[in-house]
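Asker: First the structure, then my questions, so here it is.
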Amino acid sequence: MNGSLLAPLRLLLDFLASVGQATRFFLRLCLLGLASLRRPRLVIDQVHFIGNYSLSIILVSGLLIGFVLGLQGYYTLRRYGSEEALGLLVTLSLVRELGPVVTALLFAGRAGTSLTAEVGLMKAGEQLDAMEMMAVDPVERVLAPRFLAAVFCMPLLAALFSALGVLGGYLVGVEMIGVDAGAFWSQMQDGVDWLNDVGNGVIKSVVFGFTVAFVALFVGYKAKATPEGVARATTTTVVAASLAILGLDFIMTALMFNTN
C-alpha cells in the first residue's frame with residue numbers, strides 16, 4: 001500500500017523538480033541572452049546559421065500555402081458571391097494564424113532540431129565540460145547567443161512567410177482565376193487592422209520564437225551524452241515544440257481575438 005502511494009508521489013515530485021529546473025534555465029537564458037549583446041559577433045553568426053539556412057523552406061512553404069489558400073478561398077467565397085474578398089481572406093488567414101504557426105512548426109523542424117543536435121553533440125564530445133573546466137560558462141558562451149538569435153529570426157521569418165503567402169494567393173486568385181486585382185488589394189487594405197491583426201501575429205511569432213529556442217536548447221543541454229541520447233533529444237524537440245506551439249496558439253488566439 002505504501003509503495004503504491006509513494007510511486008505517484010515520486011512522479012509528482014520529479015515533475016515539479018523538472019518544471020522548476022526548466023524555469024530557472026529559461027530565466028537564465030533570457031538574462032544571459034541580453035548580456036550576449038555585448039558580443040554581437042556571436043549573435044550575428046547564429047542569426048546567419050539559424051535564419052539564413054531556414055529561409056528557403058520558409059519562402060517556398062509560404063508561397064505554396066498561398067496558392068492553396070487562394071484556390072480554396074475562391075471556391076468557398078464563390079458560393080456567396082464574395083470573390084472580391086479573396087485578398088482579405090488570404091491575408092487574415094496568414095497574418096493571424098498560418099504565418100506564425102506554420103513558420104514556427106517549420107522552424108522547430110529545421111532550426112530547433114539543428115540546435116538540439118549541435119548542443120547535444122557538444123555535450124557528448126565533452127566540449128561543454130571542457131569549457132566549465134576553463135571557467136567559461138557554456139550557457140553564456142554557447143546557448144545564450146543561439147537563444148537570442150532564434151528569438152530574433154522567428155518574427156522575420158514569419159513576416160516573409162506571410163508576404164509570400166499573400167503573393168501566392170494573388171497569383172492564383174488574380175492571375176490564374178481572374179479575380180479583379182483592385183478588389184483583391186482594396187479589400188485586403190480596408191479589412192486588415194495593423195494593430196489587432198498584424199500586431200497580434202507578430203506577438204505570436206515572438207512567443208513561438210522563445211518557445212522553440214528554449215525547448216531546443218534545454219532538451220539538447222539535458223540530453224544524455226551518447227549518440228542514442230542525442231537522437232532521442234532531437235525527436236523530443238520536434239514533438240515538444242510542436243505541441244507547445246499549438247497549445248500556446250490556442251491560448252493566445254482566445255485572448256487576442258475574444259469578441260465578448
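Asker: Does at least one position in the range 77-88 carry a residue that is part of a helix (DSSP H, G or I), without any contact (Cβ under 8 Å) to a residue 24 or more places away in the chain and surrounded by fewer than 23 Cβ atoms within 10 Å (Cβ to Cβ)? Write out each step before concluding.
Answerer: Step one: of the range 77-88, the residues part of a helix (DSSP H, G or I) are 77-78, 83-88.
From the residues that got through so far, the ones that are without any contact (Cβ under 8 Å) to a residue 24 or more places away in the chain too are 77-78.
Within this subset, residues satisfying the condition of being surrounded by fewer than 23 Cβ atoms within 10 Å (Cβ to Cβ) are 77-78.
The answer is yes; a qualifying residue exists.
Yes/no per residue for (1) of a type outside the set (A, V, I, L, M, F, W, C); (2) farther than 17 Å from residue 45 by Cβ:
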position	(1), (2)
141	yes, no
154	no, yes
182	yes, yes
185	no, yes
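Asker: Within the range 203-236, take every residue that is modelled with pLDDT of 90 or more and among the aromatic types (Phe, Trp, Tyr) and give me the one that is surrounded by the fewest Cβ atoms within 10 Å (Cβ to Cβ).
Answerer: Only one residue fits best here, namely 210.
Asker: Residues that are surrounded by fewer than 22 Cβ atoms within 10 Å (Cβ to Cβ) and among the polar types (S, T, N, Q): which helices (runs of 4 or more DSSP H) entirely in the range 102-182 hold 1 or more of them?
Answerer: Numbers: elements: 113-124, 127-133, 144-170.
Fully inside the range 102-182 and qualifying: 113-124, 127-133.
Asker: Which one is surrounded by the fewest Cβ atoms within 10 Å (Cβ to Cβ), of the residues in the range 19-29 that are over 17 Å from residue 240 (Cα atoms) and in contact (Cβ under 8 Å) with a residue 40 or more places away in the chain?
Answerer: By that ranking, first place goes to 28.
Asker: Those residues that are part of a helix (DSSP H, G or I), in contact (Cβ under 8 Å) with a residue 40 or more places away in the chain and surrounded by fewer than 21 Cβ atoms within 10 Å (Cβ to Cβ), I need them from the range 237-260; list them, please.
Answerer: We begin by selecting, within the range 237-260, every residue part of a helix (DSSP H, G or I); these are 237-256.
Next cut, in contact (Cβ under 8 Å) with a residue 40 or more places away in the chain only: 237-238, 241-242, 245-246, 248-249, 252-253, 256.
Result: 238, 242, 246, 248, 249, 252, 253, 256.
Condition check ((1) among the small types (Gly, Ala, Ser); (2) over 17 Å from residue 139 (Cβ atoms); (3) part of a helix (DSSP H, G or I); (4) touching a helix residue (DSSP H, G or I) at 6+ places or on another chain (Cβ under 6 Å)) across all residues:
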residue: 8; (1), (2), (3), (4): no, yes, yes, no
residue: 15; (1), (2), (3), (4): no, yes, yes, no
residue: 20; (1), (2), (3), (4): yes, no, yes, no
residue: 25; (1), (2), (3), (4): no, no, yes, yes
residue: 34; (1), (2), (3), (4): no, no, yes, no
residue: 44; (1), (2), (3), (4): no, yes, yes, no
residue: 47; (1), (2), (3), (4): no, yes, yes, yes
residue: 55; (1), (2), (3), (4): no, yes, yes, no
residue: 58; (1), (2), (3), (4): no, yes, yes, yes
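The values are calculated or read from the model by the stated rules, or taken from the named source; none is laboratory data. Since this is a predicted model, take the numbers as computed values, not measurements. A quick note on method: Cβ atoms are made from the backbone with ideal geometry, for glycine too, and the neighbour counts reach across all protein chains shown.
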